[in-house]
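The numbers here are math on the coordinates, done by the rules we state, and not lab data. Please read these numbers as outputs of a predicted model, since none were measured by experiment. Neighbour counts run over all protein chains shown; Cβ positions are idealised from the backbone, glycine included.
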Amino acid sequence: MISGIVKICIIVVIGSLCLIGPVTASASISTIMPGNTVFIGEQGLDITAVMDGDTQIGWWASGASITGSSPDHTISVSNPTSFFISKNEFGPYTGSWYHLDPSEKANGIAFIVADPYLDIRIEDTTVSVDVTNKWVPTGDEIRFSIETNLAQMASQRSSSALITIKVQPPEGGEYSSLVNAEGTPVSIVDIPVSTNPFNTDSIWDTGNRALYVPGTYTIWAECNVNLMNDNYDVTGKTTSRKISLLNQDQNPLIHEYVPSTNPTIQMTIQPTTQITPVLPTQTTFKTQELTTVTTMTTIPVPTTATLPSMPAPFQTKAAGFEATVAGAAIIMGLVLSLKKE
């Protein structure tokens, strides 16, 4: 019986620890101490420690005297254990906020409101080159660099900001982990970011064709600590810009250059081969035909023109030809007359 009870107790204790773990981590990152930085979009913050029993917080414009004037903007705190840094209430009023006594005088620093920013870059660690929005040869290793002011959470709240890297392959969907050159999957969900910038290890082996097909990958980062991305989903704030990475074997610049030269070579060779040997021969042949036709056409022209003038040579025979004929006729007549007599 005793051993059975002990076993049950051990099971209960272990189960309790499993339940307490996440709750403690969540409470740690949502618990705010005096002077800590809070970010627009954070929800469910426990600001009990910064209020010191007061029920209002106030903000003074830059350069204003905190002790000699009333706050430029005030907010009532009805539930300090679950406080929301909304964009509408705090967006125009970043900087230091103070908790106020009943007379609305500054009674101590409460927290500092900041607008979050988040960006991500890609580095080809095989050649140590920034390949953000560029091309990477298949087989090179990749790491990511995250730039964000959310890294302050690590030192102020005893828990780092958790940032997820989104990697979308050409065919769609998203990866929850990437496989490195050793073949080990590395999670890219809820990465604890404690420095700015924060660099991952070389966690992506682009040469793993079974997992990573050639093509363009879309990449961005998100932070949803204390539901800040749900409440303030703005590019560059709680979600980074989307960047791309072209993973393929051949440099795209070389690939684009080849087809542009092929038409030039074909157009240069083909006209030269067709025109040079054929066209001059055809031109000569046609010229000869035209010359022959012209010669044949011009021959009849002088003949036709001179035919009407043919009698002229007969008219220009020996002078007195007609008189001689007449004289001969008279003589012939006389001869015939004498024969009759």
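When the square roots of the Cα gyration tensor eigenvalues are ordered a ≥ b ≥ c, the ratio a/c for the range 118-249 is 1.5 or more and a/b exceeds b/c, which makes its shape prolate. Taking a ≥ b ≥ c as the square roots of the eigenvalues of the Cα gyration tensor, the range 27-137 is classed as prolate, since a/c reaches at least 1.5 and a/b is larger than b/c. Here the label points at Ser145 and Asn79, each 7 Å from Cα along the C-beta direction, are separated by 4.3 nm in the simple model.
Protection proxy ranking, highest mean first, for peptides 122-128, 223-229: 223-229, 122-128, where packing is the per-residue count of other beta-carbon atoms within 10 Å, averaged.
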